[in-house]
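Chemist: Let me give you the structure first, and then I'll get to my questions.
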């Protein structure tokens, strides 16, 4: 191994299979390399991972567990996060532009000023999430759950909200919503 590098293994949720292995200085570096190599990271176990500022553009993280992960400022544009668990994750200023978050669990996640423009959040769960100032322009929120979410100052211009549940949400200063 090179100086300062360690071996990282990204395993599936039940730890029965190694999805990706490499030598890198940090888990963030290992994950970015996996994404650049177009590795399918579906079912990856990344709970509580420290990945602030990671470039995960176009990542395939279907059904991955990222609960409690630190992803502040991460680039998840065009990522496939269908059915992923991001409950309690720190995602302030993260970029989800054009990402697929259908059925994802983002309950109690910190998503202040996150960019969801054009993302598919169909049936996503944002219960109790802090989405203050989030950009939800042109986002598909069909049947999404935003109960008790902080949506203060969020921008919903041209968002699709058919059947979305927003009861008890803080909508103060929200834009583009009737």
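Chemist: Which ones in segment 146-157 are surrounded by fewer than 23 Cβ atoms within 10 Å (Cβ to Cβ) and either in contact (Cβ under 8 Å) with a residue 40 or more places away in the chain or under 18 Å from residue 86 (Cα atoms) (or both)?
Modeler: Answer for segment 146-157, where residues must be surrounded by fewer than 23 Cβ atoms within 10 Å (Cβ to Cβ) and either in contact (Cβ under 8 Å) with a residue 40 or more places away in the chain or under 18 Å from residue 86 (Cα atoms) (or both): 147, 148, 150.
Chemist: While we're looking at this one, here's another question. For the condition at pLDDT below 95 and surrounded by fewer than 16 Cβ atoms within 10 Å (Cβ to Cβ), what is the one hit in 163, 176?
Modeler: 176
Chemist: Here is a follow-up. Consider only pairs whose beta carbons are under 8 Å apart and that are at least six residues apart or on different chains; among these, list those whose first residue lies in segment 16-33 and is assigned by TED's automatic domain parsing to the domain that holds residue 55 and over 17 Å from residue 79 (Cβ atoms) and whose second residue is buried (at least 19 other Cβ atoms within 10 Å of the Cβ) and modelled with pLDDT of 95 or more.
Modeler: none
Chemist: Could you check residue 33 against (1) part of a helix (DSSP H, G or I); (2) crowded, with 16+ Cβ neighbours inside 10 Å and say which number it fails?
Modeler: Just one mismatch for residue 33, condition (2).
The values are calculated or read from the model by the stated rules, or taken from the named source; none is laboratory data. All values derive from a computational prediction rather than experimental measurement. Heads up, the Cβs are rebuilt from the backbone with ideal geometry, glycines too, and the neighbour counts pull from every protein chain shown.
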